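Structure, as structure tokens:
The values are calculated or read from the model by the stated rules, or taken from the named source; none is laboratory data. Bear in mind the structure is a predicted one, so any value in this text is a computation, not a measurement. Glycine also receives a Cβ, built like all others from the backbone with ideal geometry; neighbour counts cover every protein chain displayed.
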Amino acid sequence: MSARDVDAGYWRERLDRQVEQFQAGTAYAFSIFDRATGADGPFLGYVNFSEVVRGVFLACYMGYALAETAQGQGFMAEACRAGIDYIFNEVRLHRIMANYMPANARSAAVLERLGFTVEGTAKDYLFLAGAWQDHVLTSLTNPRPVSPTLS
């Protein structure tokens, strides 16, 4: 089996899992491509909305990544904005949380541009790159209030 087959298998499995999660309403994954080339062009990144909680919380986490070659061109803000619109208007969640490492100025700028509010800092929040890393906690609430269905 070639490395290409392994990669294809990984991506097929990941896509299948994302479809299952989307259908179950537990996570929503979106891919980013250049508008000029669409899905025929290179994959630039993703915006994911995961850990969806319903009931009285109606919330999720937003995660994102973008190829270094595509950074600084507005792709991330545009993709996040489209995803947020979908989560608030179609999925009808109340709150989106997004966290970033304090040194990540690009993430801070994107989230600020999108209207996220800084809620504080979590010490030793995630184990990344071999160490526990602090994270800045942010959130955005739906400007059109959503009432939970408690049945």
>> I need the full set of residues from the range 27-40 which are in a strand (DSSP E or B) and in contact (Cβ under 8 Å) with a residue 12 or more places away in the chain, in order please.
In response: Tyr28, Ala29, Phe30, Ser31, Ile32
> Consider Arg113 against the criteria (1) closer than 20 Å to Ser31 by Cβ; (2) free of Cβ contacts under 8 Å to residues at least 60 places away in the same chain: it satisfies all of them except one. Which criterion is unmet?
Replying inline: (1)
>> What are the pairs with Cβ atoms under 9 angstrom where one residue, in the range 41-63, is touching a residue at least 40 places away in the same chain (Cβ under 8 Å) and of a type in the set (D, E, K, R) and the other, located anywhere, is part of a loop (DSSP other than H, G, I, E, B) and loosely packed, with under 14 Cβ neighbours inside 10 Å? Sequence gap at least six, or different chains.
In response: Arg54/Gly25; Arg54/Pro148; Arg54/Thr149
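Just give me the residues in the range 60-93 being outside any helix (DSSP H, G or I), surrounded by 19 or more Cβ atoms within 10 Å (Cβ to Cβ) and modelled with pLDDT of 95 or more, in sequence order.
Result: Cys60, Met62, Tyr64, Leu93.
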> How many of the residues in the range 124-151 are touching a helix residue (DSSP H, G or I) at 6+ places or on another chain (Cβ under 6 Å) and farther than 20 Å from Val110 by Cα?
Replying inline: 0
>> Can you say whether Arg144 is assigned to a helix (DSSP H, G or I), of a type in the set (D, E, K, R) and at pLDDT below 95, as far as the supplied structure shows?
In response: no
> In the range 122-139, is there at least one residue being surrounded by fewer than 18 Cβ atoms within 10 Å (Cβ to Cβ), in contact with a strand residue (DSSP E or B) (Cβ under 9 Å, 6 or more places away or on another chain) and β-branched (Val, Ile, Thr)?
Replying inline: no
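Kindly establish whether Phe49 is in contact with a helix residue (DSSP H, G or I) (Cβ under 6 Å, 6 or more places away or on another chain) and aromatic (Phe, Trp, Tyr).
yes
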> Which condition number in (1) without any contact (Cβ under 8 Å) to a residue 12 or more places away in the chain; (2) on the phi < 0 side of the Ramachandran plot is the one that Gly130 fails?
Replying inline: (2)
> Any idea how many residues of the range 94-108 are surrounded by 13 or more Cβ atoms within 10 Å (Cβ to Cβ), aliphatic (A, V, I, L, M) and either without any contact (Cβ under 8 Å) to a residue 12 or more places away in the chain or outside any strand (DSSP E or B) (or both)?
Replying inline: 2
> Out of all the residues in the range 127-141, which are closer than 28 Å to Gln73 by Cα and either in a strand (DSSP E or B) or among the charged types (D, E, K, R) (or both)?
Replying inline: Leu128, Gln133, Asp134, His135, Val136, Leu137, Thr138, Ser139, Leu140, Thr141
